[in-house]
1. Let me know the shape class of the chain, please: from the alpha-carbon gyration tensor, a ≥ b ≥ c as square roots of the eigenvalues, rounded when a/c is under 1.5, otherwise prolate if a/b is greater than b/c, or oblate.
2. Tell me, what HN-Hα J-couplings in whole Hz come from the Karplus equation 6.51 cos²θ - 1.76 cosθ + 1.60 at θ = phi - 60° for each residue of the range 106-118, using x for Gly and Pro?
3. From the phi angles alone, apply the Karplus equation (6.51, -1.76, 1.60; θ = phi - 60°) to the range 67-77 and give each ³J(HN,Hα) in whole Hz, x where the residue is Gly or Pro.
4. Classify the range 1-48 as rounded, prolate or oblate from the Cα gyration tensor: take a ≥ b ≥ c as the square roots of its eigenvalues, call it rounded if a/c is under 1.5, otherwise prolate when a/b beats b/c and oblate if not.
5. Where does each of Asp250, Asp120 land when they are ranked from fewest to most other beta-carbon atoms within 10 angstrom?
6. For the range 252-265, in order, what is each residue's ³J(HN,Hα) by Karplus, 6.51 cos²θ - 1.76 cosθ + 1.60 with θ = phi - 60°, in whole Hz (x at glycine and Pro)?
7. Just name one of Tyr230, Cys246, Ile167: the one whose Cα is farthest towards the positive end of the charge dipole of the range 167-283 (beta-carbon charges, Lys/Arg +1, Asp/Glu -1).
8. Give the long-range amide H neighbours of Leu80: residues separated by 5 or more places, or on another chain, with amide H under 5 Å away, using H modelled in the peptide plane at 1.01 Å from N.
Amino acid sequence: MNDGNTALYGVFGHPIHHSFSPAIHTAAFEAVGLNATYLAFDVTEDQLEKAVDGLVTLDAKGWNLTMPHKTKMCGLCDELSEAAAIVGAVNTVVNDHGHLTGHITDGAGFTAMLRARGFDVKGKRIVLFGAGGAARAVAVQLALDGAVSLSIFNRTLSHGARLADLISASTDCDARAFALSDEKALAEQTAEADLLVNGTKLGMAPEPDTCVIADRSLLKNKPVLADFVYNPLTTSFLKMGQDAGCLTFDGLGMLLWQGALAFKLWTGQDMPVAAVRQRVFHQ
């Protein structure tokens, strides 16, 4: 029950009606017995600064950012985590009596999800498809967590090259970019990869039959496969991996674990991820 001691959290986005964050965090607060509430706020880009001021005035303990606010929020923070500074985006803010620290939990949530299932990216060779917002955050975190190499395949090569250059300049990871259409490079890089990550929208409804790779023989060394897409839960990419005997990770895991890291930053407690997944998504 909300009362005068209820801690306030929330998420800013535009649009925001599709967000699962309120359901995820409400379930987590209830599961661990915290007196807290989490609300979704539809905020346009020109309203963001005033909205942040409002939550600071209300002493909200923290909030999330989704599109289109992740970049602009960087300039409104007093401090940024290492990953947020490199990526140039913030999706989680911790408010310590007006001192705002910005974090990006997309990438850290992704690697935490992998570790929870026994896969550590340190020393691994990784192929990433995509170079957009979430893929950018994941790519940086993979490098920060010790991936030895990162091969980025993107439809627009120049976008992938900029991300590879950023990672090479900021970390010790050997990052390189290739065109998604470069079949020779794809065959060479996947042959040595420990992990393949789909960071594109290929495979997402309403086009679930699309896939970033067309040749199952690319999976003959049985790399781990992970997908950002969670609708459908088992994408064509993951189905191909399962048929080849690969360990696979669906996009719902990433969604939950990036929320779990925000929850930890705010409360100091671990989110019961499995319980929240079952309660919210019945999975």
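Rule-based calculations on the coordinates, nothing more; no lab input. Here the structure is a predicted model, which means the values were calculated and not measured. Cβ coordinates were reconstructed from backbone atoms using ideal geometry, including for glycine residues, and neighbour counts include every protein chain displayed.
1. Prolate.
2. 4, x, 5, x, 4, 6, 5, 4, 4, 4, 4, 9, x
3. So the Karplus estimates, Gly and Pro as x, are 4, x, 9, 5, 6, 4, 4, 3, x, 9, 8 Hz.
4. Oblate is the answer for the range 1-48, as a/c is 1.5 or above yet b/c matches or exceeds a/b.
5. Asp120, Asp250
6. For the range 252-265, the Karplus curve yields 5, x, 5, 4, 5, 6, 5, x, 4, 5, 4, 4, 5, 4 Hz.
7. Going by the charge dipole, the pick is Tyr230.
8. Gly102
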